Amino acid sequence: MAAGAVLRVLSVLPGAPDGSNMVFARDASAALREAGVRVDEFYLASRTAPARVVREWWRLRRRIRECDPRIVHAQYGSVTGLVSALACGGRPFVLTVRGSDLNRALSVHPLRGRLSRWMTRFAARRAAAVICVSAALERELRAARSRTHVIPSGVDLDLFRPADTAPARRPADRPDAEKVVLFNAGRWPGDKGLGLVEAAVEQLSNEGTPVRLIVTRGEHPRDAMAALMAAADCLVLASHSEGSPNVVKEAMACGLPVVSVDVGDVRERLAGVEPGAIVPRTALGIAAGIRQVLAAGGRSNGRDAVRRQRLTRQDAADALYAVYREVARGD
């Protein structure tokens, strides 16, 4: 990335500026700032009540006039993408599609889901460039390939890394024979397949394999998640749909073996990573994958794969910077 680059970008994110949302977009923005790019952030406070959405549109237009960015970048589709596309005022507009803004989710009413996908596609048609976090999303979006770029969110290798000491791998309250399986249920456990994973762990317990299932629901800060990954024996992913699940890349960076259904770009990410398994989306299939990984023992070579696949925080920022330069040249 060229250190002398002079670009001003307004990054539009859904939610509140409390540090807990869109951390991967914020990571890329931090890396861009280190390279000399001026990145300002705007948080879209409401995405549901129509009257408030209109007020947010006016507030964003005012912020764009005040900071006069060269590029407006919506970090998510749906309402965030739509409002950004309508507020950019003729400036080059970049959209990132992350998965839940385009994929069908069980927890979302079908009408709301269709509306979200329409808004995402509308914003994509208005964008000078569209970034998809996986090739599957690029295919689903069906936008012009000349304007579409596949850039997975990057992982911070300084934060997510293998444990350095034995105590971190085996907490005092963990019996020697017990294995720990980590599962991130997020805010929508049904969409993530929590019931299947619980059934898989019960199956293993019935077979006499002592397994402790640790379920996270988004309540842990990233350093706490990194500590859990360093101490666990296996991560399980059983989602109905995903874009490019960051939890898998974080686990790879920690050397934590991953058992996952074939969703999003996970098969591509886990190619050549051992131990690890892609399994059917059934309790028996997930149980078999966990059993296989636990029998193999040890940590995975996922950290090397993260570097080889260019999935670091800096890799993502470099790729994003290249898109910005391309868009700015075409302005």
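The values are calculated or read from the model by the stated rules, or taken from the named source; none is laboratory data. Just so it is clear, the structure is predicted and the values come from calculations on it, not from any experiment. Backbone-built Cβ (ideal geometry, glycine too); neighbour counts: all protein chains shown.
Observations on the structure shown:
- Qualifying residue in segment 294-307 (condition: under 23 Å from L159 (Cα atoms), loosely packed, with under 15 Cβ neighbours inside 10 Å and modelled with pLDDT of 95 or more): yes
- Test for R63: is it surrounded by 15 or more Cβ atoms within 10 Å (Cβ to Cβ), modelled with pLDDT of 95 or more and assigned by TED's automatic domain parsing to the domain that holds R91: yes
- Meets criteria (part of a loop (DSSP other than H, G, I, E, B), closer than 24 Å to F160 by Cα, assigned by TED's automatic domain parsing to the domain that holds A230 and touching a residue at least 24 places away in the same chain (Cβ under 8 Å)) for V263: yes
- Unmet requirement for A316, which otherwise passes all of (1) assigned by TED's automatic domain parsing to the domain that holds G208; (2) more than 18 Å from A185 (Cα to Cα): (1)
- Segment 174-194 - residue that is within 29 Å of the chain's Cα centre (by Cα) and at pLDDT below 90 and, of those, nearest to N246 (Cα to Cα): G186
- Unmet requirement for S100, which otherwise passes all of (1) buried (at least 18 other Cβ atoms within 10 Å of the Cβ); (2) in contact with a Phe, Trp or Tyr (Cβ under 7 Å, 6 or more places away or on another chain): (2)
- For the condition modelled with pLDDT under 90 and not in a loop (DSSP other than H, G, I, E, B), P171 does not qualify.
- Residues considered: A230, A251. Of these, the only one that is modelled with pLDDT under 95 and surrounded by 17 or more Cβ atoms within 10 Å (Cβ to Cβ) is A230.
- Pair list, Cβ under 9 Å, 6 or more apart: segment 103-122 residue in contact (Cβ under 8 Å) with a residue 40 or more places away in the chain and within 22 Å of G193 (Cα to Cα), other residue of a type in the set (F, W, Y) and surrounded by 12 or more Cβ atoms within 10 Å (Cβ to Cβ): A105/W188; L106/W188; S107/W188
- Search result, residues across segment 115-134 that are in a helix (DSSP H, G or I) and small (G, A, S): S116, A123, A124
- Condition met for V197 (at pLDDT 95 or above, part of a strand (DSSP E or B) and either farther than 24 Å from L102 by Cβ or of a type outside the set (K, R) (or both)): no
- From the options I286, I278, residue that is buried (at least 24 other Cβ atoms within 10 Å of the Cβ) and closer than 30 Å to E140 by Cα: I286
- Residue check for L137: in contact (Cβ under 8 Å) with a residue 40 or more places away in the chain, in a helix (DSSP H, G or I) and outside the structural domain of S241 (by TED's automatic domain parsing): yes
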